[in-house]
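K.L.:
Quick one: the structure is below, questions incoming.
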Amino acid sequence: MNSRLLSCFSLALLSSSLFLSAQAVAADNNEGIVVYNAQHENLVKSWVDGFTKETGIKVTLRNGDDSELGNQLVQEGSASPADVFLTENSPSMVLVDNANLFAPLDPDTLKQVPAEYRPAHGRWIGIAARSTVFVYNPAKLSEQQLPKSLMDLAKPEWKGRWAASPSGADFQAIVSAMLALKGEKATLEWLKAMKANFVAYKGNSTVMKAVNAGQIDGGVIYHYYRFVDQSKTGENSKNTQLYYFKHQDPGAFVSLSGGGVLASSKHKAQAQAFIKYITGKEGQESLRTNNAFEYAVGVNAASNPKLVPLKDLDAPKVEPSTLNSKKVIELMTQAGLL
């Protein structure tokens, strides 16, 4: 083969290589990202639709609950198909983070959320928040009769008068905060008293319905259940009110929903872009307008105007990376609640 033919052949090979490389990048982008999602599906769908419209990157959602998906990620390890993990509560983020499965988030993304709404290490970030409340039936309890603290529900006078859903990730996150604030001994004592005092229901919405129907005086839930019901027919909440403990009480705990990029992701740039989008201006604006009624946590982001402002909740300060779901399960099992 003469030199001219060899040169042409080499150019053809180079062009072919560049073409195949471009095809691979295009295929990678078209493949999009897989999000293991434990957040509200309607909220996340609004994020996905906005993100895909802006970037062209497709998002596949695999929905489940916090503990289910968190444990699945730990089991899958580096073989997981997930690129992103979103939760309702932060203990499951801590579970995955403790298994060293998250990649550090981009510094520009971290700047979009104030320090109190993200762990200091920067491997995951707050994407929304919800407040612990005591939902009560005014026909059963006057304002003067309400518990001053979540810890008061361990007292004998509350026997048979309050409800919770101990098997859910929501309540377990609240116990995680109590553990961080009060320590193991006090938390176990409270859980044992809870076992004697409370009535168990499956799910926060079921707790609220029972309070609404007058079956129980009050219950420990998150705030948004009542707001969501009120935005619809209100039939499951018309006989209820919400009591905010405030005073940095464990019952004023604000639970962070988290988002993180898996270290094993094969589409890290796209995954990082997704987390940046949902914590940015447009993503957080969805929290103000969406009917999920969760709190926005982005810098200067506004929440739905119907909500008590985050700054007025007087929530206790809890480092989100310290919330220990394994210890909580152990203590709740020891107390006979699980």
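K.L.:
Among 238, 185, 195, 202, which is open to solvent by 50 Å² or more (accessible area, probe 1.4 Å) and within 23 Å of the chain's Cα centre (by Cα)?
P.N.:
202
K.L.:
Being out of contact with any strand residue (DSSP E or B) (no Cβ under 9 Å at 6 or more places or on another chain), open to solvent by 30 Å² or more (accessible area, probe 1.4 Å) and part of a helix (DSSP H, G or I) is the filter; apply it to the range 275-312 and report the residue that is nearest to residue 241 (Cα to Cα).
P.N.:
Within the range 275-312, the match that is nearest to residue 241 (Cα to Cα) is 312.
K.L.:
Right, residue 199: closer than 24 Å to residue 294 by Cα, of a type outside the set (D, E, K, R) and in contact with a strand residue (DSSP E or B) (Cβ under 9 Å, 6 or more places away or on another chain) or not? Walk me through how you get there before you give the answer.
P.N.:
Values: closer than 24 Å to residue 294 by Cα: no; of a type outside the set (D, E, K, R): yes; in contact with a strand residue (DSSP E or B) (Cβ under 9 Å, 6 or more places away or on another chain): yes.
For residue 199, the condition - closer than 24 Å to residue 294 by Cα, of a type outside the set (D, E, K, R) and in contact with a strand residue (DSSP E or B) (Cβ under 9 Å, 6 or more places away or on another chain) - is not met.
K.L.:
Looking at (1) out of contact with any helix residue (DSSP H, G or I) (no Cβ under 9 Å at 6 or more places or on another chain); (2) closer than 30 Å to residue 211 by Cβ, which one does residue 161 not meet, given that it meets all the others?
P.N.:
Tallying (1) out of contact with any helix residue (DSSP H, G or I) (no Cβ under 9 Å at 6 or more places or on another chain); (2) closer than 30 Å to residue 211 by Cβ, residue 161 fails exactly one: (1).
K.L.:
So is residue 264 in contact with a Leu (Cβ under 9 Å, 6 or more places away or on another chain), in a loop (DSSP other than H, G, I, E, B) and closer than 25 Å to residue 85 by Cβ or not? Walk me through how you get there before you give the answer.
P.N.:
Values: in contact with a Leu (Cβ under 9 Å, 6 or more places away or on another chain): yes; in a loop (DSSP other than H, G, I, E, B): yes; closer than 25 Å to residue 85 by Cβ: yes.
Yes: the conditions hold for residue 264.
The values are calculated or read from the model by the stated rules, or taken from the named source; none is laboratory data. Model, not experiment: these values are computed from the prediction. Here the Cβ is made from the backbone with ideal geometry for all residues, glycine too, and neighbour counts use every protein chain on show. For the accessible areas, the whole protein counts, side chains as well, though only heavy atoms, and no ligand, DNA or RNA atoms are used. Shrake-Rupley method; radii C 1.70, N 1.55, O 1.52, S 1.80 Å.
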